[in-house]
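Here's the structure, in structure tokens; my notes come after.
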Amino acid sequence: MRNSVKRIACAALAALLLACAWGCAPKEQADPGKDVDMSALLDTLIAADPTLPELTIVTSHGGGTLAETDFTYLSDLDYQLVDEYFYACAKAGSAEEIAVVKLKDAGSAAALMDSLHKHVEQRQGTFREYDPSQVPLTEQAVIVREGRYVALIVCQKNGLVQNAFRDSFQDK
Amino acid sequence: MSTQTETAGGKTQGKGLKAAKAVGAGLLALCLVGSLGLNVYQAQAQQKYAAEMGAFIAEQKDRWAKEEEQENAYQEDGYKVAGEYEIRSTTHISDAYKSGDDSQLSAEDKDTLKMAKDVLDEVLSDGMDNYEKELAVYQWMVANIGNNGSDGVIVRPGSGGSPFTPHDVLKSKNAVCVGYATTFRLFMNMLGMDCHIVHNDYHSWDLVELEPDQWYHVDVYSDAHGAEFANFNMTDAICGMGHSWDGSALPVADSVKYSPAVQNSVEVDSLLDVPAQFKKALDEKQGAVYYRFKTPLTEEEQPKADFLAALLENAMRATIEDAYFQAMWYPGEDGNDILGLLVERYDEDEPDPGFDSTSPEAKAVIRAIAEAFGLDPAELGDTGDDPDPDIPVDDPIPVPIPEGNGGSVIID
């Protein structure tokens with residue numbers, strides 16, 4: 001009898017512990033949105049504007065300090081917030097550039113986009129000084145996001161590239 | 001005897017103790033359960049609150065990110081050219097044509113569809129490719145859609161409505177530029193061709209895809225009021241000579257296969273064969289002629305070609321009154337340039353467009369400017385009163401010299 005009571009008591013305690021565990025279950029994660037392959041996205045965006053000049057492309061694939069250093073040319077956002085990125089800019093020094101940053105958390109998007117605005121303004125200032133003919137292109141810069149992905153687009157056909165970026169996240 | 005009594009009392013005491021223990025244990029268990037239950041409830045309430053806060057913060061971050069967005073702002077449907085003439089979608093009408101089901105269309109859209117279908121039935125024939133269909137529609141519109149007396153995009157009061165939709169255009173056979181552009185787009189969409197409307201603040205025209213990734217600018221409005229084919233199937237570069245627009249969201253138009261120059265050019269052996277050919281074309285009242293050279297012109301020969309074009313213009317003006325002439329170089333498919341000579345004859349029955357600089361009104365304008373700026377009206381083109389046709393202009397009109405004042409002349 002005593003053993004039965006002990007067993008019952010233990011079972012009841014275990015059930016209560018489980019109930020507590022259920023009550024402390026982790027909260028639901030926010031939907032991070034669709035994931036796309038960054039290499040494919042890079043090819044898609046560059047192909048969308050046939051007027052792009054020859055580009056220099058840097059990505060985060062190499063990893064390490066070099067990727068982090070290269071990122072600073074684009075944004076002053078804490079690199080720890082970045083999951084992946086690519087950054088393509090005109091080799092000859094004109095204003096064209098296309099960059100996509102995949103963040104670890106969509107909540108960092110506003111901060112990243114603000115830093116990209118600053119980046120564009122800095123480039124504008126430089127071009128005003130050394131090559132004013134490039135300034136109109138920078139004035140039409142596009143900065144858009146899809147979930148964790150933020151794109152900076154500065155090129156002749158920025159509308160087409162923007163459409164290609166958005167289309168990449170649509171279900172086909 | 002006492003042992004049994006002791007034993008009975010001991011048993012009673014033992015049972016009581018057990019009962020007390022049982023009650024105590026039960027109460028303790030109840031307290032434990034209650035405490036744990038409370039903890040569970042509090043944990044859940046905390047979790048719910050955290051979720052709500054998280055959702056609020058995420059929403060705020062989302063809103064900030066949205067405010068940071070800077071998108072390409074080019075707009076087609078919904079844009080109002082000149083702040084007044086809205087470019088309206090006609091996709092539902094062209095879709096109804098292609099599907100054969102117009103049940104979802106309004107009465108006006110059904111009317112539009114019928115009128116547009118009648119035009120296509122009239123101008124198209126079996127076996128036409130996209131270019132031939134486009135050309136047929138373009139020529140019909142140039143020949144049949146007039147203007148409402150407006151020289152630009154603005155419709156003046158009393159001019160008979162605001163023909164900026166395909167319905168009003170096809171009904172009234174009048175159009176402003178938006179009317180031409182949206183009607184042409186409707187026709188192209190009905191024929192299965194993608195077509196954008198290109199616009200700036202005050203003008204609009206079309207960008208049509210004749211083959212995959214081969215786009216061409218077509219400004220039907222300008223050609224209906226000017227030289228035919230002057231603004232037909234243009235590349236971005238050619239169109240940019242007479243138009244300005246934001247092409248950042250529009251496809252590149254750099255194909256020349258279906259340009260009028262490539263489609264209609266005549267081969268000549270050399271530059272010196274052009275004058276005779278052009279004179280023949282003028283006699284036949286052709287509006288646009290294009291010449292490609294058997295031996296492509298070199299860079300050194302280019303100034304000679306430009307000189308020839310300028311002299312042709314002088315010769316043309318000596319031959320035809322009231323006409324506009326334009327010489328332009330067009331890119332050929334093989335990379336060699338084609339010389340295009342466009343002639344727009346002004347209709348003798350129509351008033352000469354533009355302002356008559358010899359009219360009394362023009363003279364009044366010239367004199368007002370001359371007076372304000374202290375200039376001689378003759379410097380601005382005013383030759384004074386209409387001269388006597390019997391007196392050559394170069395001969396000075398004699399001024400009477402008053403007697404006795406030593407030869408000085410007072411001119412009022």
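Between B:E132 and A:E121, the distance separating the two model label sites (each 7 Å from Cα on the Cα→Cβ line) works out to 6.0 nm.
Using the Cβ-Cβ distance between B:Y324 and B:Y202 with R0 set to 30 Å, the FRET efficiency from 1/(1 + (r/R0)^6) comes to roughly 0.85.
Quick one: compute the contact order of segment B:80-255, relative version, from alpha carbon pairs under 8 angstrom and 6+ residues apart, as a percent.
Values: 278 pairs, mean separation 34.2, N = 176.
Here the relative contact order equals 19 percent.
Given R0 = 25 Å, the distance between the Cβ atoms of A:D78 and A:D171 translates into a calculated FRET efficiency of 0.20. Remark: for residue pairs A:K118/B:K48; B:K173/B:K257; A:K34/B:K48, the C-alpha separation exceeds 28 Å in A:K118/B:K48; B:K173/B:K257. Given their separation in residues at 0.36 nm each and the Cα-Cα distance between them, B:A237 and B:V23 gain 67.3 nm when the chain is fully extended.
Build a GNM of chain A with springs between Cα atoms under 10 Å apart, and of A:Y87, A:Y73, A:Y149 the one that fluctuates most is A:Y73.
Give me the percent relative contact order of segment A:30-172, please, defined on Cα pairs under 8 angstrom at least 6 residues apart. Relative contact order of segment A:30-172: 29 percent. Positive end of the dipole of segment B:80-255 (Cβ unit charges, origin at the Cα centre): among B:T165, B:A237, B:G127, the Cα lying farthest that way belongs to B:T165.
The alpha-carbon of B:K171 sits under 23 angstrom from the alpha-carbons of these lysines, leaving out residues fewer than 8 places away in its chain: B:K80, B:K98, B:K110, B:K114, B:K117, B:K133.
Couplings 3J(HN,Hα) for segment B:96-107, derived from phi with the Karplus relation 6.51 cos²θ - 1.76 cosθ + 1.60 (θ = phi - 60°), are 5, 5, 5, 8, x, 10, 9, 5, 8, 7, 6, 4 Hz, where x marks Gly and Pro.
Of A:E97, B:E344, the sequence from fewest to most neighbouring Cβ atoms within 10 angstrom is B:E344, A:E97.
For segment B:219-368, what class follows from the C-alpha gyration tensor (a ≥ b ≥ c being the square roots of its eigenvalues): rounded when a/c is under 1.5, otherwise prolate if a/b is larger than b/c, else oblate? Kindly include the intermediate steps, with their values, before the conclusion.
Numbers: a/c = 1.98, a/b = 1.31, b/c = 1.51.
In terms of gyration-tensor shape, oblate.
Read the figures in this text as sums done on the coordinates, not as results from a lab. Remember, it's a predicted structure, so these values are computed and weren't measured experimentally. Note that each Cβ is placed from the backbone with ideal geometry, even for glycine, and that neighbours are counted across all protein chains shown.
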